[in-house]
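Chemist: Before anything else, here's the structure in question.
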Amino acid sequence: MAAKLTVDLDNRHLIINSGVTELDVQVDLYSDLKEDWRLDAQKMKLEFPLRTIGGDPIGGALKAGAFFFLRNDLGWRIQPQEADHELTIVGNLYGEDPDLPLFDPTEGPYTVTIRLQTSSLTQLAGEVLASDPIAELAGPPPAEPTWREAIAWFYMQTRNLIHANKNTLKQQMTNNAGAVVAEAPLSDDGTVFTRGKFVAP
């Protein structure tokens, strides 16, 4: 059964479960529903509610990005959970019929903001990423980093030692050798804890 969705076959609704505020189109919609359809004889009688294109090699170690189309032309809709919230849809999701809606409103009087977080039209092939080392950064990346800078920055935060000094009220990030490469101010007024932007030490 799809972990984040409940399928209403009669109304052709993909109902998002309570507490879910983010859906990955490829994982939570397409892959999980494929497994649901494979294991359910009743669902197998219906056309699958999504189709996909993409993933084809286009040269230069690139692949076409994946696109997913909800079969709204067959009546399928996504219905958010019954709560005030922001729902984030991660991935390239479109309607089979662009003139028909992808989403149905909640049954109750709730306010739902839907944010579509689309990906790039192309993506680097996994073999290139796996064999091409990424060097550590000597300081915090710019506001608009390259993909190498962004990956290196997150990797360093999860792997390397981080100091949080209550006397200086600074959080310091280190490189593999233990040298401080960035620091951010900390503040705590007893109600709100804040960490500022990382800057060069």
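The values are calculated or read from the model by the stated rules, or taken from the named source; none is laboratory data. Quantities reported herein were computed from a predicted structural model and do not represent experimental measurements. Virtual Cβ from ideal backbone geometry, glycine too; neighbours counted across all protein chains shown.
Chemist: In this structure, does LYS170 turn out to be over 26 Å from ILE134 (Cβ atoms) and surrounded by 16 or more Cβ atoms within 10 Å (Cβ to Cβ)? Even if it seems obvious, please write down each step before you answer.
Modeler: Values: over 26 Å from ILE134 (Cβ atoms): yes; surrounded by 16 or more Cβ atoms within 10 Å (Cβ to Cβ): yes.
Here the answer is yes, as LYS170 does meet what is asked.
Chemist: Of the residues in region 87-103, how many are under 16 Å from LEU50 (Cβ atoms) and either modelled with pLDDT under 90 or in a loop (DSSP other than H, G, I, E, B) (or both)?
Modeler: 8
Chemist: Inside region 115-187, counting only strands (runs of 3 or more DSSP E) that do not spill past its ends, which hold 3 or more residues that are farther than 30 Å from THR52 by Cβ and at pLDDT below 85?
Modeler: Details: elements: 122-124, 162-165, 170-174.
Filter on region 115-187 gives 162-165.
Chemist: Looking only at residues in region 74-96 that are charged (D, E, K, R) and loosely packed, with under 14 Cβ neighbours inside 10 Å, which one is farthest from the chain's Cα centre (by Cα)?
Modeler: ASP84
Chemist: Another question, if that's okay. Restricting to region 12-54, what's the tally of residues that are free of Cβ contacts under 8 Å to residues at least 40 places away in the same chain and either part of a helix (DSSP H, G or I) or under 22 Å from LEU102 (Cβ atoms) (or both)?
Modeler: Pass one, region 12-54, residues free of Cβ contacts under 8 Å to residues at least 40 places away in the same chain: 27-28, 30-50, 52-54.
Next, from what is left, pick out any that are either part of a helix (DSSP H, G or I) or under 22 Å from LEU102 (Cβ atoms) (or both): 27-28, 30-39, 41-44, 46-50, 52-54.
Residues flagged as free of Cβ contacts under 8 Å to residues at least 40 places away in the same chain and either part of a helix (DSSP H, G or I) or under 22 Å from LEU102 (Cβ atoms) (or both) within region 12-54 amount to 24.
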